[in-house]
Every structure is written in C-alpha cells, then in structure tokens.
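The values are calculated or read from the model by the stated rules, or taken from the named source; none is laboratory data. Keep in mind that this is a model prediction, so the values were computed, not measured. Virtual Cβ from ideal backbone geometry, glycine too; neighbours counted across all protein chains shown. For the accessible areas, the whole protein counts, side chains as well, though only heavy atoms, and no ligand, DNA or RNA atoms are used. Shrake-Rupley method; radii C 1.70, N 1.55, O 1.52, S 1.80 Å.
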Amino acid sequence: MAASMLTRSALPQRPGVRYLSVTASRSRKQKRYEHPPRREPMEIPGLERITFGDLGYFVPGLARPSFTKYKMDWNPLYYHSPPAQEMALYKERPSYVFSPKCRLLGGVKQALWLTKSKLLEGLPQRIASLCEDPAHTFPNHEELVHYAISNACLWSTTEEMREREEYCPKLLQSLLQLCRTQSCTYPALSQRAFVNRWQLATSWHKDSTIYHVRGTNGSLMSTKTPLEPLASSSEIQDTEPHVLESLYPLSPAIDLQEVNVYEEKDSLGFKDGFPYPHLHTVYLTDPCSTRAQFLPDQLRAKMIMIAFGGAVAKARLLFGKDVKTLPQPVVVQSVGTDGQLFHFMVLQLNTLDFESNDGIKNLVWMDADQELYESVAFKPLIKRKVVLVPEGVTGFRPETFVKFWAMYLHGAV
C-alpha cells in the first residue's frame, strides 16, 4: 500500500536508464557516446612500419596504413566548386550580368541607357502598314483567336480559373500555331525555324564597365535571310543629338549580378551550318510567379535587353569584334506577354561604340500595353443581383492580334 502511494517523481532514478513509465520530459537524457580521438602511430626514425595496406584487408598484428584522402569524380550531387580566386576565368575586374530572371528597377529607362538606344513610340511604318493593308488580312481571325483564348483559359480545365503560368505559354503557342497555318498563302513563312529555350551569350563595354547578357530565354523564331533596316541613313544620323536619360542617383548596374568569374564571348546557341542563322523575333512570357512577378515596364526592359544581346552577338559574328559603326544595321523583333497584355518591340542596332554616350544611337520602337481581352471567367461574378464579370471571354480586341500577325509576317512579303 505504501509502495502504491509513491509518485513517479519519487521513483529512484539511475543514470543511463530510461523508465518507460516516466514521460520523456522527466526522464534523464542519456549522454551520447563520443569516440576518443584516434592516436596517430609514432614515427621512429630508421624503422619502417609493416602495414596491411598492400594486402588490401585487415590483418591482426600489422599496423594500420595511412591512406590518402579520397577525391570523388565530378558528381552534380556532391560537387563543391573551388573558391572563385582559384578558377581559371577569375578576373580582378568585376562585371555585371543580365539574366532572364533579372528585374531592372529602372525599367525601360535603364535598358535604354545600357543599350545606348533611343525610344520611339508605336510600331515602325513598315509593320504598321501591314496592319492596315487589307491584302494581308488574316482570314476569320476574330473567331479563331476567340477560340484560342477560350481553349487556353477555360476549356482545358475544370477549375474556375487556371493559373497564369499554365495558360500564358499555351495562349502564345496557340497564336503562333494560327500564324503557321498561313504558310501556304505566304511560302516565305516556311523558311523559318523555332528554337525553344534559346541560349544567348554576349558582352559589351560601356563607361569602363563590362556588361553581359546570359542565360536561357524564351522562344526564338529565326530565318534564312535577315530583316531589312527600318530606319534610313538620315534617320540614323538624326539620333546623334539625342541625350540618354540618366539614372542618378541609381547605379546603371542595379539589379544586375556582379561576378568576377566570366568570359567575354558571343554565341547565339547555333551550331555551324545552321540553315536559319538570322534572328527574327524573340517571344517572352512573364515568369508568372507570385513572388517574382514582372511589372509591365520590367517585362519591356527584359525584351530590350535580350533583343539587344542577340543583335550584338549577331553583328560581331557578321562584321567582326572590332567594328564600331556597322556597315548594315541589325534588326531584331520581340513580343512579350503575361497572358492578357501584349508588348511589341523592334530594335535596330546601328552602332557598337558603347564607350561614350555621344554619337549615333540605336533605335527601339515600342508599342506597349495592348490588351487582347478584358477578362475571362469560368462562371459569372454576381453581386447584389448585378453581373460584374460575365461568363466567358469579354472585351476581346482583335486589333491586338492583327499587330501580332504583322510582326510575324514582317520579312515574308
């Protein structure tokens, strides 16, 4: 009876023993056993130790050999890069890299300063004329594009609304597929190739600073023949008095990655003999991540930087690395979208002289914030018996696709 009246706290406790009837919080934690440090064998001058290292297995009575540290071959799971100072491409002079994940704080203004470019609002006259020419009208495009929007946003899911990272690239691919269907009407459209996850590498010097464009970008449409220049020689000369807008007090390299291990090279990701070596249009989509969502101005800046990097790499491959004033300008187009807003950009590279802000500038045409539709809803949004958002696709604007089609058709007529 007296033993039954004892509480658990009154039970005798022995070190190293855990009682199952006592909670873990009240039991004593057993001390973890630590192996004593291994004693190194004594080295006696003039005597040679006899070990079992040559035998390959343990032999009692023989000394333990001292093995060299094992170095595993390269393995992406266990590889540890050496310090940056020990790498072959290490340089004391730092450089700044623009990658596809960079979001320029200064937006388009910062991209224009880095690329030494002058901004012109709207599309070039040659592309705008394709939009207005009835001879190049896309047949039955309103109904087809409406179906493409519904297919990308509504028909392929049972949810009320698809995630933007799902419907945005699908909508872009559907619009490109519609444009491909006109290859029979325009045979020059069949002389093109599409490259997904296009890889680009280029660099340039500006104000004693080295800048790079690196990484895997969106989709690229390349052609056998280059695009013709959009600005005449007189229009190019008129860019000399243009003054680039300063970012002070911000640094032009803000949001760019500073690296000391780099190589200055120009590569478009094409192998020698590729039959479609000329850049036509770069198609970019918003990463659509809620944590790293691009603002429209940042997406337009990304379009300028990637198109500029491709134009610089192509110009050096054509005319050499030492040329400053190009014998013929290089033209690259770009289309960016977040699944609803479309941005159209055309860049004409006129010069590779980036050491100063004076002289001839490059030209950038930008037609931004073009809505393809106003809203898409799986079911109507009703509040107080008033339909705020109707069901299906509303506010469809076919003129946005007409510009998309004109950018695609440019160079084929």
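Could you look at the range 192-297 and say what percent of its accessible area is carbon and sulfur, using a 1.4 Å probe and all protein chains?
48 percent
Taking a straight Cα-Cα cut-off under 30 Å and skipping sequence neighbours fewer than 8 places away in the same chain, the lysines within cross-link reach of LYS265 are LYS91, LYS101, LYS109, LYS116, LYS118, LYS206, LYS224, LYS302, LYS314, LYS321, LYS324, LYS361. Less than 5 angstrom separates the built amide H of LEU363 from those of LYS118, GLN348, ASN350, all sequence-distant by 5 or more or on a different chain. With contacts taken as Cα pairs under 8 Å and at least 6 residues apart, the range 322-377 reaches a relative contact order of 35 percent. What does the charge count around PHE396 come to, taking other residues whose C-beta lies under 13 Å from its C-beta (Lys +1, Arg +1, Asp -1, Glu -1)? After counting each charged neighbour, the total is -4. As a calculated quantity, the FRET efficiency between LEU144 and LEU55 at R0 = 60 Å, using C-beta atoms, amounts to about 0.15.
Ranking of TRP155, TRP204 by solvent-accessible surface, largest first: TRP155, TRP204 (1.4 Å probe, protein heavy atoms only, all chains present). Treating each Cα of the range 73-202 as an identical point scatterer and summing with the Debye formula, the log10 of I(q)/I(0) at q = 0.12, 0.14, 0.19, 0.20 Å⁻¹ comes to -0.91, -1.08, -1.30, -1.32. Accessible surface computed residue by residue for the chain, with neighbouring protein chains in place and a 1.4 Å probe, gives 60 Å² per residue.
If you average the sequence gap of Cα pairs under 8 Å that are 6 or more apart and divide by the length of the range 214-364, what percent do you get for the contact order? It would help to have the intermediate numbers written out before the result.
Details: 210 pairs, mean separation 47.6, N = 151.
Normalised by residue count, the contact order of the range 214-364 is 31 percent.
Among the GluC sites (Glu not before Pro) in the range 108-206, those located in a DSSP loop and surrounded by at most 14 other Cβ atoms within 10 Å of their own Cβ are GLU159, GLU160, GLU163.
Computed from point charges on the beta carbon alone (+1 for Lys and Arg, -1 for Asp and Glu), the dipole magnitude for the chain about its Cα centre is near 2740 Debye.
Name the helices (complete DSSP H segments) of the chain with a Cα length along the long axis of 18 Å or more and a Kyte-Doolittle mean of at least 1.0, or state none. Span-like helices in the chain: none at all. Hydrodynamic radius of the range 250-360 by the Kirkwood approach over all distinct alpha-carbon pairs: 16.0 Å. Across all directions, the average projected area of the convex hull around the alpha carbons of the range 135-237 is 11.3 nm².
When the GluC sites (Glu not before Pro) in the range 191-293 are filtered for DSSP coil states and for at most 13 other beta-carbon atoms within 10 Å of their beta-carbon, the remaining sites are GLU245, GLU263. Convex hull of alpha carbon positions in the chain: directionally averaged projected area 43.3 nm². In percent, rounded to a whole number, the relative contact order of the chain is 21, using alpha-carbon pairs under 8 Å and six or more apart. Accessible area of ILE382 (1.4 Å probe, protein heavy atoms only, ligands and nucleic acids ignored): about 100 Å². The Rg/Rh ratio for the range 161-206 is 1.17, where Rg is the radius of gyration of the alpha carbons and Rh is the Kirkwood radius.
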